[in-house]
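Only one structure is covered here, and it is reproduced in the block below.
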Amino acid sequence: MRNSLRTQKIAFFFLLLATLLIVVPVGLIILIIIQKGWPALSWQFLSDIPRQGMRAGGIFPAIVGTVYLVSGAIIFALPIGLAAAIYLSEYAQDNFLTRLIKLSIVNLAGVPSVVYGLFGLALFVVFCKFGASILSGSLTLGIMILPLIITASREALGSVPDTFREVSLSLGASRWQTIRHIVLPNAVPGILTGTILGLGRAAGETAPILFTVAAFYLPQLPHSIFDQAMALPYHLYVISTQVPNVDEKIRYGTALVLLVIVLAMNLVAIIIRYRLRQRKKW
Amino acid sequence: MRKLKEFIIEKLILLCGLASILFVALIFLFLLKEGLALFKTILPKDFLFGHKWYPISEPALFGILPLILGSFLVTAGAAVISVPIGVACAVYIAEVAPAKLKEILKAGIELLAAIPSVVLGFIGMVTLVPWVKTLFHLPTGLTALSGSIMLAFMAMPTIVSIAEDALYSVPKTYKEGALALGATHWQAIWRVMLPAAGSGILAAVMLGIGRVIGETMAVMMITGNSAVMPASILEPVRTLTATVAAEMGEAVVGSEHYFALFAVGIVLFVISFFINVTADLSLHRKK
């Protein structure tokens, strides 16, 4: 017995070690980026265009481009994703079609991001003749975050108790009225969480926008959805690998801005989820 | 009137429900449409097993074997590192950690999942790459090994969260039975919980590997991008994903090179399709 207790101690020590091997580097990475990126942050860095071949100046066009792309992606993906979730949660029967839809969602979630880029290039840029534009990039990102939004919304809809639906239906409301007035309002926080996580994902992805929208360098802001745009993640890639002799401060500063945007969205999502758990009445 | 409105709404909802099937089909069709054009001029055998990837020389050679091996090498390295550590971490979080610590650890893992891959690639370039270079006395730190380490790290959130779910879904009575028979907590985990969660853990590992094969930006930034047959894990390699990402910008639409990159896309799509379907099956068999 003493022997097996000693084995347990050793085993648990290694389990802890493995956990620390993952969590400690995460903390270190974030600390390093904050520590080295902080000195670069200034109003000028956030509001100026890149200058001197991106070795000086700011990152304003990249921030604006990312905001446009992410907004476009969500405008496209949220209605479709939400409706798909409503279908799966409220209408779908347990049959072959439903199984096929679920399998498609799993597959969409697993398609490599660079393959989304190829797909966006072939369909939106070349076939639909949108060219490399905010429209093409937004649609590509929108399809990429679709599975995330469907899964989160479906979970939110599914967590509304069935008794809510039964009461509404027994009062003579139709199926759609029940969904619209009873199920959806109760699922809003969960849907919001999924949407915000989708936003964060879209803001950080690089590969899908490489050939569909991203511009190496643009001194002016985009005027319409058919213009190319700079984007933060692509800008970070460019200044860290394609342009030599960029001041390290600018690289870290760009990484910090991107990280803050993405983590802020995740934080908001976590807070909503936390408050939801506290407030839940059923 | 109301009935008609509801009828339309319900049909629209059904249509959106079918959208995911449509998109998967569209992705595959457009990859095929552009990718298969390559095989008018090049034999599939020469494409898959050719040793030379010289897309812009005259005549151009489109053998993707070095790229497949590059992807394989980096992925295998990442799996060797991430599977034991990831599963151990999942066991620690699910079984050993006290409740408060558990929440912190889970938040940390979620944080890792949220960091964009281009940021991790950048951090890998400035920290991991020089470190690998000095440790192994190499001419460059941009190697398959650096890629493997970084990708192992990036696969962790997937592996940990799915393996953790698998452990939670093992019926409590299994563990209680083992403990009642006098097993220690660790014996119950090792002999009872882990085998019972086997198919879920297998799915976790597969989805983690799927994530690694598909990862693009970080791997492009730190593996050195040399499209030659890899000889060792301490040399630069180039993966399938990095090839597409790095070269599509320069390929002329409609050229052989353009078609070849789409053909690489087909290979990637098929690999990820198989991984996801198998993982999904093994997750569902559990129930």
Please enumerate the residues belonging to region A:247-282 that are of a type in the set (A, V, I, L, M, F, W, C), more than 10 Å from every other protein chain (Cβ to nearest Cβ) and farther than 30 Å from A:Ile49 by Cα. A:Ile271, A:Ile272, A:Leu276, A:Trp282
For region A:178-192, indicate whether the set of residues that are in a helix (DSSP H, G or I) and under 17 Å from B:Ser117 (Cα atoms) is non-empty. no
Would you point out which residue out of A:Ile143, A:Ile134 is surrounded by 23 or more Cβ atoms within 10 Å (Cβ to Cβ), in contact with a strand residue (DSSP E or B) (Cβ under 9 Å, 6 or more places away or on another chain) and under 20 Å from A:Thr212 (Cα atoms)? A:Ile134
Going by the conditions given, is B:Ala203 of a type outside the set (Phe, Trp, Tyr) and either touching an Asp or Glu at 6+ places or on another chain (Cβ under 6 Å) or within 17 Å of B:Ala79 (Cβ to Cβ) (or both)? yes
B:Ser57 versus (1) under 30 Å from B:Leu234 (Cα atoms); (2) of a type in the set (Ser, Thr, Tyr); (3) assigned to a helix (DSSP H, G or I): which is the lone unmet condition? (3)
With respect to B:Lys33, determine if the residue is within 8 Å of chain A (Cβ to nearest Cβ), more than 20 Å from A:Ile86 (Cα to Cα) and either outside any loop (DSSP other than H, G, I, E, B) or touching a residue at least 40 places away in the same chain (Cβ under 8 Å) (or both). yes
Qualifying position, being surrounded by 21 or more Cβ atoms within 10 Å (Cβ to Cβ), among the hydrophobic types (A, V, I, L, M, F, W, C) and without any contact (Cβ under 8 Å) to a residue 40 or more places away in the chain, among B:Ala260, B:Ala245, B:Ala279: B:Ala245
Can you list the helices (runs of 4 or more DSSP H) lying wholly within region B:84-182 that have 1 or more residues being more than 9 Å from chain A (Cβ to nearest Cβ)? B:99-114, B:129-135, B:144-168, B:172-180
I need the helices (runs of 4 or more DSSP H) fully contained in region A:9-113, keeping only those with at least 1 residues that are at negative phi, surrounded by fewer than 20 Cβ atoms within 10 Å (Cβ to Cβ) and at the interface with chain B (Cβ under 9 Å from one of its Cβ atoms). A:60-86, A:96-110
Filter region A:222-245 down to the residues that are among the β-branched types (Val, Ile, Thr) and either crowded, with 19+ Cβ neighbours inside 10 Å or at the interface with chain B (Cβ under 10 Å from one of its Cβ atoms) (or both), then identify the one that is nearest to A:Ala202 (Cα to Cα). A:Val238
Which one of these is over 30 Å from A:Thr7 (Cβ atoms) and crowded, with 24+ Cβ neighbours inside 10 Å: B:Ala218, B:Ala204? B:Ala218
Among the listed residues A:Arg180, A:Arg175, A:Arg165, identify the single one that is at pLDDT below 90 and surrounded by fewer than 18 Cβ atoms within 10 Å (Cβ to Cβ). A:Arg175
Of all residues making up region B:36-54, the number that are assigned to a loop (DSSP other than H, G, I, E, B) and surrounded by 15 or more Cβ atoms within 10 Å (Cβ to Cβ): 3
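The values are calculated or read from the model by the stated rules, or taken from the named source; none is laboratory data. None of the values given here were measured: they were computed from a predicted structure. Because the Cβ atoms are built from the backbone with ideal geometry, glycine has one as well, and the counts that use them run over all protein chains shown.
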